[in-house]
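The values are calculated or read from the model by the stated rules, or taken from the named source; none is laboratory data. Worth saying up front: this structure is predicted, and the values here are computed from it rather than measured. Ideal geometry is used to build each Cβ from the backbone, glycine not excepted, and the neighbour counts take in all protein chains shown. The protein model used for the area step is the full one, side chains on, heavy atoms only, and it has no ligands, DNA or RNA in it. Shrake-Rupley method; radii C 1.70, N 1.55, O 1.52, S 1.80 Å.
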4 protein chains.
Amino acid sequence: MKALVYHGPGKMAWEEKPKPIIKEPTDAVVKILKTTICGTDLHIMKGDVPAVTDGRIIGHEGIGVIEEVGDAVTSFKKGDRVIISCITSCGKCEYCKKAMYSHCLDGGWILGNLIDGTQAEYVRIPHADNSMYPIPTGADEEAMVMLSDILPTGFECGVLNGKVKPGDTIAIVGAGPIGMAVLLTSQFYSPAAIIMIDQDDNRLAVAKSFGATHTINSMNENAVEKVMELTENKGVDTAIEAVGVAPTFELCESLVCAGGHIANIGVHGKSVTLHLETLWSKNVTITTRLVDASTTPMLFKTVQAKKIDAKKLITHRFKLDQIVEAYATFGNAAKEKALKVLLTA
Amino acid sequence: MKALVYHGPGKMAWEEKPKPIIKEPTDAVVKILKTTICGTDLHIMKGDVPAVTDGRIIGHEGIGVIEEVGDAVTSFKKGDRVIISCITSCGKCEYCKKAMYSHCLDGGWILGNLIDGTQAEYVRIPHADNSMYPIPTGADEEAMVMLSDILPTGFECGVLNGKVKPGDTIAIVGAGPIGMAVLLTSQFYSPAAIIMIDQDDNRLAVAKSFGATHTINSMNENAVEKVMELTENKGVDTAIEAVGVAPTFELCESLVCAGGHIANIGVHGKSVTLHLETLWSKNVTITTRLVDASTTPMLFKTVQAKKIDAKKLITHRFKLDQIVEAYATFGNAAKEKALKVLLTA
Amino acid sequence: MKALVYHGPGKMAWEEKPKPIIKEPTDAVVKILKTTICGTDLHIMKGDVPAVTDGRIIGHEGIGVIEEVGDAVTSFKKGDRVIISCITSCGKCEYCKKAMYSHCLDGGWILGNLIDGTQAEYVRIPHADNSMYPIPTGADEEAMVMLSDILPTGFECGVLNGKVKPGDTIAIVGAGPIGMAVLLTSQFYSPAAIIMIDQDDNRLAVAKSFGATHTINSMNENAVEKVMELTENKGVDTAIEAVGVAPTFELCESLVCAGGHIANIGVHGKSVTLHLETLWSKNVTITTRLVDASTTPMLFKTVQAKKIDAKKLITHRFKLDQIVEAYATFGNAAKEKALKVLLTA
Amino acid sequence: MKALVYHGPGKMAWEEKPKPIIKEPTDAVVKILKTTICGTDLHIMKGDVPAVTDGRIIGHEGIGVIEEVGDAVTSFKKGDRVIISCITSCGKCEYCKKAMYSHCLDGGWILGNLIDGTQAEYVRIPHADNSMYPIPTGADEEAMVMLSDILPTGFECGVLNGKVKPGDTIAIVGAGPIGMAVLLTSQFYSPAAIIMIDQDDNRLAVAKSFGATHTINSMNENAVEKVMELTENKGVDTAIEAVGVAPTFELCESLVCAGGHIANIGVHGKSVTLHLETLWSKNVTITTRLVDASTTPMLFKTVQAKKIDAKKLITHRFKLDQIVEAYATFGNAAKEKALKVLLTA
């Protein structure tokens, strides 16, 4: 089969690889129908994720059709269409029993990382019963791809951890794909105001069309002053970090109100400064989280009920064998005005 | 009347001051029966709390007997014995309605800070109905003093925010009075292991006698290694910071398990380094809180039911007019083996 | 002044009464601008609420302008426009400290019940600071009236107690004003399906236009069978009782799924049969609640942010002195197709 | 092998049965070391559980040593000592993903009910990885047997569902084994008062020795009056039903305070009367639950940490082949002063 293979920093190729086979009785082999590229994949390609080694097939999102299942798989059979979760869950370790699948002792984020992933014609999915979801007849396949990673990530790490409530004022720092997923899923809880902060006017305009009530271009405006002006100097109930660098996290520290929440989503490569000299008495809660994808069934219901238009996140479409070109587009997201790029086999 | 008056860094005196009078219809004037000294008072005396100015009467803890009440006070009358809360609550602002009394728009921590306090023969208590609690006949007055501040602080900022649960393993960093209050009140939730970390062997020995299951002298041992050894390399469910400096907070960051909690209690004068490069994916929750003293009624019931022996925290007793001497003892707590010093009028 | 006075079962009159005056320093006297009639007022008029005696001015909803305040009132002054809460809160008893204002030891539901109410030109509001909310310039006065009682009742007793979540399937039994308030406020949490059950096709049609995804006329259809058909025989996540009689509560018992919630809102005059022989093992939660009106500030923000169109509930408008006529209309709600009737001074 | 076999109402025998074998790759066969008898087993023996048919081996509690595991079992191997959970969990259905194992689509309470159980020399355990827990070296085997069912049942259905908190006043209605398990596990949360209500003075005396602060023999005293006297006429924060008949549930309705909880544990054969005419406005929460045994790992830690002395519940000990005699003792529990009877192979 063909697959996108990582060959060290800056090197990738759409090349021939052996088709995966069942290794454990709980495995499934899935023929990929659609997949997409995550910001993390770009980090991998730059060499930022040392666990990923030469020869690895990248990708942890997608939908497909079951090609074969192991003897112990009971929920799926050949021919079933499935959503592949970015997080693999054994269903039986102490973390899985707490629905903290990200820390599964025999899973977690392994696809396209520690084992071969979904940017390929076929993929082996371990612990298939707990790591995939069925796609019913009539469901929109493009929307289903958004359930692999981006919607659960925005919702769990940003919205749920940030405890967004009706009537709240929230700030989302970073209008990339993840920030946009937060923007869409935060609206499940009817906040009164959603302030999107970014440095790209195009993305801010998109955010406005996706439901942001206010946008701030932090290149042109003092974001803290502007937010304080909008909130009667109280700050926001929830500040959500969707970038992954120190300045944006520290901006969240400055934006949060007394009693408020800071929800970190960004993947940070360096430490940040926590201003406990002001925060110690502000009764704030700060959370971190690697997505567990435990809310996929809930999010699936909201997509099916048209409470969210998940396809909005898709800006570009390619054939699967054009994936190298798709990486170029996604890697140049600001200029290309790209959020999610969809690849169809 | 006589009162302990702050006269700038390092200067205090037990001197004559006018007896307080009712200013607002919601005020009460209380004759102090017993009071105590808080670590914060030491900071004030050093000049670390600029809001406290020359001439201020210090102190925010104590019990007393009502001398006079304003026209709008309905819960208390002359002669009633009361616990004075360290936090003043108006009962009607948006924060008080959320039980976040620490941020009361007309209260919060003002006693012995923005208005005269309790280390005096008499004190005026604003918003009396919401800022004091009745002492029933037969209650132990010494234990009641511990309900003004130290027990709610340890319980709310450490135990509740830290979400201590039955069977948990927790670490308390700092075996001073606040750390000891955490130690006592955490046992309401039956954690399996309580690891006390400090640099003073005497305090660690006391902690052991108060219920710590393990103690670590971080001068002599590598606390992180020891905790990892005790927890099968997982870390603790909850790490509670009860000191207020960067190294102890950062120690908590190293001790917490995936999915765990860091509860900050310490009053920090400087920022700390938050290691998001490791914590971003650990699903941790970090909280800060200035005590709201909203749990005083709950804690009162546990004291009355002998679920906690609050008096254990008292190591030294003085007459109220010996308060300057009491400060000397408390200010030299390690050598004096002091936790709380009690002052009786 | 003029007021609607109860004179025993079936007897009411719009007649002259003395204008109220300040009795306690925490009182306010409010000139009524707009008020409305509650289903409970109809019960009072039938003689079903024995606490209400001859001569009582009825009504517990409305907005007005402050005429006078007592000495201890600090949040309001003459001329301020205010929302009057149906629940009076002293702000200092043990229940108010838990935000359970319905059980306030010196308040609760007393307006138009134990003391004179709002269907009058003026009303005295005890504990004014804790029992009213300011109306900002530009706010829609008609929408504000819905914040006195009906929106908090539907939201707190139905939606919050019923723990409605994104993606859920819920059933609302009773499409009267309260059921409609549940319907509107449940959408704050983005349930996937909202099934409205009633016996009046007109009300069901209105429910559909308000966002119900399915409607069932339980006169014509077997509601249990229909709900099971819609839910793959699982039942609904939350069943909300908004009528107040045994058959509708027992219907909720039949509709709820394993692990689900039954939230009672109805005012019941008689006991009901609880089928523990089937429910004991279904892991269900049943709640009751007299509205606390503790969420009025949150709901106010959602109204201001246009997350809800509260005015939709108003079907009829009268002048305040036409109130007897308004009662006739509201008392014949099904025929008159009435939800809330608005009275303007 | 030998096993206790049900042969219709009133008929049981310790007789020869085929030794169980692995049927599914997720199965284990376990050699029983210790087991016990549940109140439910007595109901089965009376013919009250129609799902149990002639020839069924009874029993759903116990510990053992692994004899053999299926190919897909990864957590256990031959020779491991294990706690058998009374609830079988597949780990992958929608209910297991919510930790609501009682409603597992391929499990739940099936042992000694729909499939052969643990009162035998050997038992087959389906979904072994998710339905058993390892016993470490040095653990007390007798205490471990209490983790199969009785401790999780009392804790989950009574204590957790009843939301017992420090300082609370709770009532437990029924001082049988389950009521005693509630009594022991409620103390994890340090309630101020625990009122045990029963009709057997011996059991009440045992309850006192297990930590009840008050006992009421409802044959001799009016339980409602006594509880109101003890609670200043407020009622209890939590009333826990541990019998399973209408009068005891209705007693709980009379005992609960405004804002309080009723937690049902009892297995009810008939409906009860729910007094909504008084409860509708009391802001109460009523819960039902079939034990999920999801807290077994937490309870295990509390047992190991000696936070609870689980063995206290064992009053009688027999050899496994004396099980018919053990049933006679347990079936006559009041006279025999029996709580749990332990059977050792």
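For region C:156-186, a residue qualifies if it is more than 15 Å from the chain's Cα centre (by Cα) and farther than 23 Å from C:Glu232 by Cβ, but none of them does. Just to check your reading of the model, which residue among B:Phe330, B:Phe318 is away from chain D (no Cβ under 14 Å), in contact with an Asp or Glu (Cβ under 7 Å, 6 or more places away or on another chain) and among the aromatic types (Phe, Trp, Tyr)? Answer to the check: B:Phe318.
Would you mind finding the one in C:Lys208, C:Lys165 that is of a type outside the set (Ser, Thr, Tyr) and within 14 Å of chain A (Cβ to nearest Cβ)?
On the way: C:Lys208 fails: within 14 Å of chain A (Cβ to nearest Cβ).
Only one candidate passes the filter, namely C:Lys165.
Given the options C:Thr169, C:Thr185, name the one that is of a type in the set (Ser, Thr, Tyr) and in contact with a Ser or Thr (Cβ under 7 Å, 6 or more places away or on another chain).
On the way: C:Thr185 fails: in contact with a Ser or Thr (Cβ under 7 Å, 6 or more places away or on another chain).
The conditions single out C:Thr169.
In region C:179-187, is there at least one residue being closer than 30 Å to A:Asp309 by Cβ, out of contact with any Pro (no Cβ under 9 Å at 6 or more places or on another chain), within 14 Å of chain A (Cβ to nearest Cβ) and open to solvent by 10 Å² or more (accessible area, probe 1.4 Å)? There is at least one residue in region C:179-187 that is closer than 30 Å to A:Asp309 by Cβ, out of contact with any Pro (no Cβ under 9 Å at 6 or more places or on another chain), within 14 Å of chain A (Cβ to nearest Cβ) and open to solvent by 10 Å² or more (accessible area, probe 1.4 Å). Only one entry in A:Lys301, A:Lys335, A:Lys340, A:Lys307 is without any contact (Cβ under 8 Å) to a residue 60 or more places away in the chain and either surrounded by 17 or more Cβ atoms within 10 Å (Cβ to Cβ) or within 14 Å of another protein chain (Cβ to nearest Cβ) (or both), namely A:Lys301.
Per-residue answers, yes or no, for (1) in contact with a Gly (Cβ under 8 Å, 6 or more places away or on another chain); (2) over 23 Å from C:Asn220 (Cβ atoms); (3) hydrophobic (A, V, I, L, M, F, W, C):
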| site | (1), (2), (3) |
| --- | --- |
| C:Asn161 | no, yes, no |
| C:Lys165 | no, yes, no |
| C:Ala175 | no, no, yes |
| C:Thr185 | yes, yes, no |
| C:Ile195 | no, no, yes |
| C:Asp198 | yes, no, no |
| C:Asp201 | no, no, no |
| C:Ala205 | no, no, yes |
| C:Lys208 | no, no, no |
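I'm checking my understanding of the structure. Among residues of region B:18-31 that are open to solvent by less than 50 Å² (accessible area, probe 1.4 Å) and part of a loop (DSSP other than H, G, I, E, B), which one is nearest to B:Arg317 (Cα to Cα)? Residue satisfying both the conditions and the ranking: B:Pro20. Regarding A:Ile172, is this residue free of Cβ contacts under 8 Å to residues at least 60 places away in the same chain, among the aliphatic types (A, V, I, L, M) and outside the structural domain of A:Lys312 (by TED's automatic domain parsing)? So A:Ile172 fails the test.
Go through region A:306-345 and report how many residues are more than 23 Å from A:Gly138 (Cβ to Cβ) and of a type outside the set (A, V, I, L, M). Step through it out loud before you land on a result.
Our first condition is that a residue be more than 23 Å from A:Gly138 (Cβ to Cβ); within region A:306-345, this holds for A:315-316, A:318-339, A:341.
Then drop every residue that is not of a type outside the set (A, V, I, L, M), which leaves A:315-316, A:318-319, A:321-322, A:325, A:327, A:329-332, A:335-337.
The qualifying residues number 15.
Of the helices (runs of 4 or more DSSP H) lying entirely inside region A:32-131, those containing at least 1 residues that are open to solvent by less than 40 Å² (accessible area, probe 1.4 Å), of a type in the set (A, V, I, L, M) and within 14 Å of chain D (Cβ to nearest Cβ) span A:128-131.
From the list B:Pro25, B:Pro20, B:Pro50, the one residue that fits, being more than 29 Å from B:Phe76 (Cα to Cα) and assigned by TED's automatic domain parsing to the domain that holds B:Asn332, is B:Pro50. Does region C:197-212 contain at least one residue that is free of Cβ contacts under 8 Å to residues at least 24 places away in the same chain, among the polar types (S, T, N, Q) and outside the structural domain of C:His60 (by TED's automatic domain parsing)? Checked region C:197-212: at least one residue is free of Cβ contacts under 8 Å to residues at least 24 places away in the same chain, among the polar types (S, T, N, Q) and outside the structural domain of C:His60 (by TED's automatic domain parsing). Taken over region D:132-171, the criterion of being polar (S, T, N, Q), crowded, with 24+ Cβ neighbours inside 10 Å and out of contact with any strand residue (DSSP E or B) (no Cβ under 8 Å at 6 or more places or on another chain) is satisfied by D:Thr153 alone. Candidates are the residues of region D:277-298 that are aliphatic (A, V, I, L, M) and closer than 28 Å to D:Ala143 by Cα; the one that is farthest from the other protein chains (Cβ to nearest Cβ) is D:Ala293.
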